[in-house]
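> Structure below; questions to follow.
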Amino acid sequence: MSTSRGTSRSRSRSSEPRGGVPALQGRGAPVIVGIGVDTVDVARFEASVARVPALLARLFADSERSRGGKVLPLHSLAGRFAAKEALIKALGDADGVRWHDMRVVSDERGKPSFELHGAPPEMVRGRGIDTIHLSMTHDGGVATAFVVAEGAAV
């Protein structure tokens, strides 16, 4: 009988999330809705900009090309370009999206995120996405960005 009781007690606890973390009230647990990753060869990106200087204005809003009054180096802009490509992959579609609709911004600590305009906010809402995580890096001649789009389980 004590074995049966122990099992019963365990089952009643099984409705609690693992690790003792309380469930989010009013919504399901967060789920990954989309993932995107992109890598840019920095030398190739620099060569493209040298060949077509207007490319920077086409890809980035003025606010994205500088931080704290200083123009960002091309390897940083390559990372921001990779971030935009990774976001498109995470969303699963690029219909109606323009480069300036996805602006990579940084908070006061330098943490990157997106500021969305135009078609992307509607796409995000339509896919049930409520959080977009962005990580960027550049090293060894490449810039890489990783995007995770998160929403609520239904």
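> Can you tell which of 44, 103, 27, 80 is at pLDDT 95 or above and more than 19 Å from residue 135 (Cβ to Cβ)?
On the way: 103 fails: more than 19 Å from residue 135 (Cβ to Cβ); 27 fails: at pLDDT 95 or above; 80 fails: more than 19 Å from residue 135 (Cβ to Cβ).
Going through 44, 103, 27, 80 in turn, the sole match is 44.
> Going through 58, 80 one at a time, which residue ends up being farther than 18 Å from residue 37 by Cβ and assigned to a helix (DSSP H, G or I)?
58
> Residue under question is residue 76, and the condition is that it be within 19 Å of residue 146 (Cβ to Cβ) and surrounded by 12 or more Cβ atoms within 10 Å (Cβ to Cβ); does it hold?
When the stated conditions are applied, residue 76 passes them.
> Okay, moving on. Looking only at the range 98-113, which residues are crowded, with 19+ Cβ neighbours inside 10 Å and farther than 18 Å from residue 143 by Cα?
101
> Considering only residues of the range 105-137 that are without any contact (Cβ under 8 Å) to a residue 40 or more places away in the chain, part of a loop (DSSP other than H, G, I, E, B) and among the basic types (Lys, Arg), which is farthest from residue 61 (Cα to Cα)?
109
> Keeping to the range 37-62, report how many residues are out of contact with any Ser or Thr (no Cβ under 8 Å at 6 or more places or on another chain) and in contact (Cβ under 8 Å) with a residue 60 or more places away in the chain. Steps first, please.
From the range 37-62, those out of contact with any Ser or Thr (no Cβ under 8 Å at 6 or more places or on another chain) are 41-54, 56-62; that's our starting set.
Subset that is in contact (Cβ under 8 Å) with a residue 60 or more places away in the chain: 41-43, 45.
Here the count works out to 4.
> In the range 34-48, what residues are of a type in the set (A, V, I, L, M, F, W, C) and under 15 Å from residue 59 (Cβ atoms)? So that I can check it myself, show each step before the final result.
From the range 34-48, those of a type in the set (A, V, I, L, M, F, W, C) are 35, 37, 40, 42-43, 45, 47; that's our starting set.
Answer for the range 34-48, where residues must be of a type in the set (A, V, I, L, M, F, W, C) and under 15 Å from residue 59 (Cβ atoms): 40, 42, 45, 47.
> For the range 50-71, how many residues are more than 17 Å from residue 116 (Cα to Cα) and either in contact with a helix residue (DSSP H, G or I) (Cβ under 7 Å, 6 or more places away or on another chain) or crowded, with 18+ Cβ neighbours inside 10 Å (or both)?
2
> Look at residue 143 and say whether it is over 19 Å from residue 44 (Cβ atoms) and not aromatic (Phe, Trp, Tyr). Explain how you work it out, then say what you get.
Values: over 19 Å from residue 44 (Cβ atoms): no; not aromatic (Phe, Trp, Tyr): yes.
Taking the combined requirement at face value, the residue does not satisfy it.
> Looking at this structure, is residue 118 surrounded by fewer than 14 Cβ atoms within 10 Å (Cβ to Cβ) and either of a type in the set (A, V, I, L, M) or touching a helix residue (DSSP H, G or I) at 6+ places or on another chain (Cβ under 7 Å) (or both)?
Working: surrounded by fewer than 14 Cβ atoms within 10 Å (Cβ to Cβ): yes; either of a type in the set (A, V, I, L, M) or touching a helix residue (DSSP H, G or I) at 6+ places or on another chain (Cβ under 7 Å) (or both): yes.
Answer is yes for this residue.
> Which of (1) in contact with a strand residue (DSSP E or B) (Cβ under 7 Å, 6 or more places away or on another chain); (2) outside any helix (DSSP H, G or I) is the odd one out, the single condition residue 86 does not satisfy?
With (1) in contact with a strand residue (DSSP E or B) (Cβ under 7 Å, 6 or more places away or on another chain); (2) outside any helix (DSSP H, G or I) applied to residue 86, the lone miss is (2).
The values are calculated or read from the model by the stated rules, or taken from the named source; none is laboratory data. Since we're looking at a predicted model, the values are computed, not measured. Neighbour counts run over all protein chains shown; Cβ positions are idealised from the backbone, glycine included.
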